[in-house]
Amino acid sequence: MSIWNFENLLTPIAREHQLSLGEGGTPLIRSRRIGPSLGLPNLFFKLENVNPTGSYKDRYAAAAISHQVKAGSRVCLAASSGNTGSALAAYSAVAGLPCVLAIVDTAPEGKLRQMMAYGARLFRIRDFGLDPVLTGQVMDGLVTLANKMQTNVEISSFTHSPSGMQGVQTISYELAEQLPEGITHVFSPSGGGGLTLAVAKGFSLLLEQRNYPKPAVHCVQPTGNNTIAGPLRKGKTEAASCVCTSEISGLQVGIVVDGNETLKACQESGGTGHLVEDDEVFSMQARLAREEGIFCEPAGAVATTALQSALENSDLRGDETVICLVTGTGFKDERAVQRMTAQADCPRLDNFASFADAVSGLTEFS
């Protein structure tokens, strides 16, 4: 399985240029505990955390680097807060392209190590991703530099890489195959808005070509990176830049990238915006692991975090079919895992008798 199973829905590219590490074809599983606890028996999780490098960005990178190969590019020049960089580094390795990355200042160490393992060259820029003015300057500068290097700057957004983002639209195509009877709501985490926009675009295309009913697509953001969700909920027509204060890695994009288009696409689908606090996200990350067996990074828990308030605000009903996108694996962010397991320990015992005594004393088994 790969994104190329849907090549008839993508910009045509010759088979010899199609790169793949087996991205896509990710599981859709019904919630066993969180959904029922909320009164949502038809809550499903789309597990993008099981992609080859651990996030949905592999769909983007497979398409983006394939088009780079087709165009004869000699280098992959990109910006990333983590997952994009890991994916591009991996697919650049497959293509034999050097990969050079401008990195968001707060990117987790685990993601940096993954990029370097694939052979990418990394340069972290102070306050990139946090300060909207500086972030805009870096983005503009990358475009200018890419033109000089006769390549395309790879930033996972429709603004910068529409061909690459078509790969992300395959999430919608898979969901339609996995639930042919229809979906009512899709909750998507958003930084710059690209993922949410890709999902909305994907369902719009399916409506045109196959008459598949388009679900309401919802944009979920941390309160500390409120560029799209807040304006969307207030009925505004434009996104807004902000100084990012959120600690949720991957969603720290304080400038308007795909924001305006995302806002419009969500409105047209019948979806709205949802803001969640960082602490709520960290709590949901732990719940997903301990109640659903889903090990995701904080950004991967953002969509599910919005469900409680969505129900309270009557944005969805309990009998509807709801999808939450789980976007990246928990191994991506070691600091978040340490926070989640801070109260746990692993004592070293001298023998099995000590183990048996310890187990006998555990209250959950008594």
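Is it the case, given these coordinates, that Thr245 is surrounded by fewer than 22 Cβ atoms within 10 Å (Cβ to Cβ), modelled with pLDDT under 95 and not aliphatic (A, V, I, L, M)? Spelling it out, Thr245 is indeed surrounded by fewer than 22 Cβ atoms within 10 Å (Cβ to Cβ), modelled with pLDDT under 95 and not aliphatic (A, V, I, L, M). Exactly one of (1) in contact with a helix residue (DSSP H, G or I) (Cβ under 6 Å, 6 or more places away or on another chain); (2) among the hydroxyl-bearing types (Ser, Thr, Tyr); (3) closer than 27 Å to Ala71 by Cβ is unmet by Thr196. Its number? Answer for Thr196: the failing condition is (3).
Here is a yes/no grid of residues against (1) aliphatic (A, V, I, L, M); (2) surrounded by 12 or more Cβ atoms within 10 Å (Cβ to Cβ); (3) assigned by TED's automatic domain parsing to the domain that holds Thr245:
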{"site": "Val257", "(1), (2), (3)": "yes, yes, yes"}
{"site": "Glu277", "(1), (2), (3)": "no, yes, yes"}
{"site": "Ala301", "(1), (2), (3)": "yes, yes, yes"}
{"site": "Leu311", "(1), (2), (3)": "yes, yes, yes"}
{"site": "Cys346", "(1), (2), (3)": "no, no, no"}
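Can you confirm whether Asp333 is closer than 27 Å to Lys111 by Cβ, buried (at least 18 other Cβ atoms within 10 Å of the Cβ), under 17 Å from the mean Cα position of the chain (by Cα) and modelled with pLDDT of 95 or more? It is false that Asp333 is closer than 27 Å to Lys111 by Cβ, buried (at least 18 other Cβ atoms within 10 Å of the Cβ), under 17 Å from the mean Cα position of the chain (by Cα) and modelled with pLDDT of 95 or more. On inspection, Leu207 fails the criterion of being closer than 30 Å to Phe128 by Cβ, over 18 Å from the mean Cα position of the chain (by Cα) and not in a loop (DSSP other than H, G, I, E, B).
Looking at Gly259, Gly254, Gly271, Gly192, which one is modelled with pLDDT of 95 or more and over 12 Å from Val302 (Cα atoms)?
Details: Gly259 fails: modelled with pLDDT of 95 or more; Gly254 fails: modelled with pLDDT of 95 or more; Gly192 fails: modelled with pLDDT of 95 or more.
Only one candidate qualifies: Gly271.
Would you kindly identify the helices (runs of 4 or more DSSP H) lying entirely within region 303-366 that contain at least 2 residues that are under 30 Å from Gly270 (Cα atoms)? It comes to 307-312.
The residue of region 161-180 that is surrounded by the most Cβ atoms within 10 Å (Cβ to Cβ), among those that are assigned to a loop (DSSP other than H, G, I, E, B) and touching a residue at least 60 places away in the same chain (Cβ under 8 Å), is Ser161. Of all the listed residues (Thr272, Thr262), the sole one being surrounded by 17 or more Cβ atoms within 10 Å (Cβ to Cβ), over 27 Å from Gln137 (Cα atoms), among the polar types (S, T, N, Q) and not assigned by TED's automatic domain parsing to the domain that holds Thr106 is Thr272. So, in region 118-149, of the ones that are of a type in the set (A, V, I, L, M) and outside any helix (DSSP H, G or I), which residue ends up surrounded by the most Cβ atoms within 10 Å (Cβ to Cβ)? Only one residue tops the list, namely Ala120.
Just to verify a result, which residue in region 227-242, among those that are of a type outside the set (D, E, K, R) and either outside any loop (DSSP other than H, G, I, E, B) or over 21 Å from the mean Cα position of the chain (by Cα) (or both), is farthest from Gly259 (Cα to Cα)? Applying the filter and picking the extreme gives Gly235.
Pick from region 12-42 the residues that are over 15 Å from Gly167 (Cα atoms) and β-branched (Val, Ile, Thr): which of them is farthest from the chain's Cα centre (by Cα)? Here the residue is Ile34. Which one of these does Val50 not meet: (1) within 22 Å of Lys332 (Cβ to Cβ); (2) in contact with a strand residue (DSSP E or B) (Cβ under 7 Å, 6 or more places away or on another chain); (3) of a type in the set (A, V, I, L, M, F, W, C)? Only one criterion is unmet by Val50, namely (2). Of all residues in region 209-242, those satisfying the criterion of being touching a Gly at 6+ places or on another chain (Cβ under 9 Å) and of a type in the set (S, T, N, Q) are Gln221, Thr223, Asn225, Asn226, Thr227, Ser241. Can you find a residue in region 188-197 that is closer than 22 Å to Cys76 by Cα, surrounded by fewer than 24 Cβ atoms within 10 Å (Cβ to Cβ), of a type in the set (A, V, I, L, M) and touching a residue at least 12 places away in the same chain (Cβ under 8 Å)? No: region 188-197 contains no residue that is closer than 22 Å to Cys76 by Cα, surrounded by fewer than 24 Cβ atoms within 10 Å (Cβ to Cβ), of a type in the set (A, V, I, L, M) and touching a residue at least 12 places away in the same chain (Cβ under 8 Å). The condition of being free of Cβ contacts under 8 Å to residues at least 12 places away in the same chain, on the phi > 0 side of the Ramachandran plot and small (Gly, Ala, Ser) holds for only one of Ser314, Ser354, Ser360, that being Ser314. When Arg210, Arg290 are checked against the criterion of being within 18 Å of Gln166 (Cα to Cα) and surrounded by fewer than 24 Cβ atoms within 10 Å (Cβ to Cβ), a single residue qualifies: Arg210. Just a yes or no: is a residue in region 20-30 within 17 Å of Gln178 (Cα to Cα) and small (Gly, Ala, Ser)? Yes, some residue in region 20-30 is within 17 Å of Gln178 (Cα to Cα) and small (Gly, Ala, Ser).
The values are calculated or read from the model by the stated rules, or taken from the named source; none is laboratory data. Treat the numbers as computed from the prediction; the structure is a model and nothing was measured. Glycine gets a Cβ as well: all are built from the backbone with ideal geometry, and neighbour counts include every protein chain shown.
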